[in-house]
Amino acid sequence: MNTKVKTLLLQLLTGLGVAIALLFASSVTSQLNEFERNVHGGATREPQVADPAGAFLEIILESSPLAQLSAGFVGIAPSMHMIRLSATRPLSNLDPIENPARRRFGRIDFSFVFLVLMPIALIPLFYVVYRKCSDRNDLEKLKSGRTKLFDFAIESILLPLFASGGFIFLVTLACLYSGGIRLGSNELLARITLWALVIVSYLLGWMLLFAFLVLRSKAFASATIWYAAIFLGVVIVLPQLMQTIQLSIERPKGRLPLIVERRKLMAEVRSDDRAAMDRFLSRQGFKAMNWTEPLPNLQALALQNLIIEDKISPKLKDFEANVQRLDNMAIATAWVSPYLVAQIGLDDLAGTGLTRYSRFRAAAIAYHEQWRNYALGFVVNRQFFDFDAMRNIPKFKFADEELGPILTVASLRCVYLVLICLLLGFGVMKELEKILPKRKKAAR
């Protein structure tokens, strides 16, 4: 089998592999979204029992219409987008994702294919281009001036890459269309356009890096080794290092101190301590209870839980502040790695990112306070929910962030990636200048 047939076969296999990865990513992400919708469909949005001490409801973060573009937090834990709230259930039991920068390798979605697999697929694609250039002695022709740089770039590099890119583009459109994505509004069009620009600028950076390394080392094997080392550093090592640093700073302020303090209070606070209950109710603005009749066990346990929660509230606030700091730190330090910049940008544009989830969590905590205050009056007065009480229960309202800030931040991420491309492009031109002057002299 000659070299031309081998390179053609390699190109076909690479394109087929990328197409299969995109189809698999579309299937996996669609299944995740379907699972999330099923979880949300079974949510208890209104209390089902009249006893306020045992009533609960569930609030959800609606799935994004573009979730197929990047599974984001849905891929980590779809159930985190539905939170059960009880008027007497401690809010300290609300589980957060304490590590928002957690890597998601192994969960194949569109962002994984484009940000991780595609830079790897560039290696065989560039090998095909490299072999064609070598077989036709394009480098010697450039040096001698027989071939212009513009013609060489169009014929030998851009055409093969555009052919592969066009094939990937068509497969991507087919996957998105089959997954149910429709551009029914200008907002969705703006989001998906920026999503595509982030991916294009990200992949262009890897292409320019490979070109620079090939020109620098003048050997494909050596360039491939350097390319692989930089890829591992940017995509795996650097994000893991930043994550380790973040956790070493914030982990001592995590959930463990909260659990220890809660267990300690559970041993101290008794459900039959009437004086403690009266003091708690007084701080909440209620009168002391009428103890001429015994308090039912369920309501006594409910008040006990609320007293514990009241005592632990300072540590709970510290814990929530710690979660917010970790979120902010993850977003801020992501600018160190182009991979994380692109990944967080794709998640936010798809509506599955950390920013949207953090807003939902904050809204859930604020709503829990309203729900608890509403139900506490019925517990104190030993009343059950009637029809009017059920109807007047506070409703959870969550407003997504305005489109403007989302597009602005995504545009900044795109500019960040474009600047890297310009820097690499400058390096490529500098390497070409070592060849082009000879061509110019020969042309005279």
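The values are calculated or read from the model by the stated rules, or taken from the named source; none is laboratory data. The shown structure was predicted, so the numbers you read here are calculated from the model rather than taken from an experiment. Note that we place each Cβ from the backbone using ideal geometry, even for glycine, and neighbour counts take in every protein chain shown.
Quick notes
- Residue check, Tyr374 outside any loop (DSSP other than H, G, I, E, B), at pLDDT below 90 and surrounded by 14 or more Cβ atoms within 10 Å (Cβ to Cβ): yes
- Residue in the range 401-421 that is under 28 Å from Ser64 (Cβ atoms), part of a loop (DSSP other than H, G, I, E, B) and of a type outside the set (A, V, I, L, M) present: yes
- Failed item in (1) in a loop (DSSP other than H, G, I, E, B); (2) in contact with a His (Cβ under 9 Å, 6 or more places away or on another chain); (3) at pLDDT below 80, with Glu62 passing the rest: (3)
- Subset tally (residues that are under 25 Å from Arg382 (Cα atoms), without any contact (Cβ under 8 Å) to a residue 40 or more places away in the chain and either among the charged types (D, E, K, R) or assigned to a loop (DSSP other than H, G, I, E, B) (or both)) for the range 297-320: 1
- Matching residues in the range 284-319 - criterion: being of a type in the set (D, E, K, R) and touching an Asp or Glu at 6+ places or on another chain (Cβ under 8 Å): Lys315
- Filter result for Ala342 (over 28 Å from Val113 (Cβ atoms), buried (at least 22 other Cβ atoms within 10 Å of the Cβ) and either touching a helix residue (DSSP H, G or I) at 6+ places or on another chain (Cβ under 9 Å) or at pLDDT 80 or above (or both)): no
- For the range 377-393, taking the residues that are hydrophobic (A, V, I, L, M, F, W, C) and assigned to a loop (DSSP other than H, G, I, E, B), the one that is surrounded by the fewest Cβ atoms within 10 Å (Cβ to Cβ) is identified as Phe384.
- Some residue of the range 368-380 being touching a residue at least 12 places away in the same chain (Cβ under 8 Å) and either in contact with a Gly (Cβ under 8 Å, 6 or more places away or on another chain) or of a type in the set (Asp, Glu) (or both): no
- Among (1) touching a residue at least 24 places away in the same chain (Cβ under 8 Å); (2) farther than 30 Å from Pro296 by Cβ, the one test that Met390 misses: (2)
Rundown of residues vs (1) surrounded by fewer than 13 Cβ atoms within 10 Å (Cβ to Cβ); (2) without any contact (Cβ under 8 Å) to a residue 12 or more places away in the chain; (3) closer than 30 Å to Ile120 by Cβ; (4) of a type in the set (Val, Ile, Thr), yes/no style:
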{"position": "Leu232", "(1), (2), (3), (4)": "yes, yes, yes, no"}
{"position": "Met242", "(1), (2), (3), (4)": "no, no, yes, no"}
{"position": "Ser248", "(1), (2), (3), (4)": "yes, yes, no, no"}
{"position": "Arg274", "(1), (2), (3), (4)": "no, no, no, no"}
{"position": "Asn290", "(1), (2), (3), (4)": "yes, yes, no, no"}
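- Options Asp400, Asp347: the member that is under 26 Å from Glu187 (Cα atoms), surrounded by fewer than 17 Cβ atoms within 10 Å (Cβ to Cβ) and in contact (Cβ under 8 Å) with a residue 40 or more places away in the chain: Asp400
- In the set Ser134, Ser144, Ser178, Ser156, only one residue is in contact with a Ser or Thr (Cβ under 8 Å, 6 or more places away or on another chain), among the hydroxyl-bearing types (Ser, Thr, Tyr) and either at pLDDT below 75 or closer than 23 Å to Val28 by Cα (or both); that residue is Ser178.
- When Glu402 is tested against (1) in contact with a helix residue (DSSP H, G or I) (Cβ under 7 Å, 6 or more places away or on another chain); (2) acidic (Asp, Glu); (3) over 30 Å from Arg263 (Cβ atoms), only condition (1) is not met.
- Every condition in (1) at pLDDT below 70; (2) assigned to a loop (DSSP other than H, G, I, E, B) holds for Glu46 except the one numbered (1).
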